[in-house]
Amino acid sequence: MGIWDIVVFTISLIIMMLGMAGIIVPIIPSTPLIWVGAFIYALCTHFEKITWIMLLFFALMTIFSVVLENLGNVYGAKKFGATRWGIVGSIVGTGAGFFMGGPVGLILGPIVGTIVFEVIGGKGYKGALKSGLGNFVGFVGGSMVKMIIGLVMISLFVWKVFFG
């Protein structure tokens, strides 16, 4: 491995670690950044170790994790008894949280939106809080799965670079 390969590998790995940070700080795109890191390495090394097939596999994992992330909150809320009002509130809360509260807003926005819209829809406070809790449980579950996917992607990347 020459100096160029080491530099490109290091830059790619830094980008991937930023992606992992995005699992905790929702404003940073998580698995899409991991994919970008792999793509940069593949491009700069002429796809010798990280091939188009590997990039396609990473892209599918990225799409799966993003879809899962977006459905996790809604699924959790629904499992805890959220109505359509709560689901709409989760979506509205996500948008409001993005614009008003940055990373913290992206976590709290859907929860608060679920609770507020459930109350507006006629559900009592106890039921609305339960739906909000479900939203949070879905977020945590989705984040855990996304973390596993990110770690698998980075592990496969490192394995292919050094042993592939």
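Key figures
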{"read-out": "Test: residue in segment 141-163 that is at pLDDT 90 or above, of a type in the set (Lys, Arg), surrounded by fewer than 19 Cβ atoms within 10 Å (Cβ to Cβ) and not in a loop (DSSP other than H, G, I, E, B)", "value": "yes"}
{"read-out": "Residues (part of a loop (DSSP other than H, G, I, E, B) and surrounded by 16 or more Cβ atoms within 10 Å (Cβ to Cβ)) located in segment 35-60", "value": "Thr45, Lys49, Ile50"}
{"read-out": "Failed item, numbered, when Trp85 is tested on (1) open to solvent by 30 Å² or more (accessible area, probe 1.4 Å); (2) more than 16 Å from the chain's Cα centre (by Cα); (3) under 18 Å from Val161 (Cα atoms); (4) not hydroxyl-bearing (Ser, Thr, Tyr)", "value": "(3)"}
{"read-out": "Ile27, sole failed condition from (1) closer than 26 Å to Thr94 by Cα; (2) modelled with pLDDT of 95 or more", "value": "(2)"}
{"read-out": "Scan of segment 15-24 for residues that are of a type in the set (Val, Ile, Thr) and either open to solvent by less than 50 Å² (accessible area, probe 1.4 Å) or touching a Gly at 6+ places or on another chain (Cβ under 7 Å) (or both), ordered by number", "value": "Ile15, Ile23"}
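The values are calculated or read from the model by the stated rules, or taken from the named source; none is laboratory data. All of these numbers come straight from a predicted model, not from anything done at the bench. So basically every Cβ, Gly included, is an ideal-geometry build from the backbone, and we count neighbours across all protein chains shown. Side chains included, ligands, DNA and RNA excluded: accessible areas come from the protein's heavy atoms. Shrake-Rupley method; radii C 1.70, N 1.55, O 1.52, S 1.80 Å.
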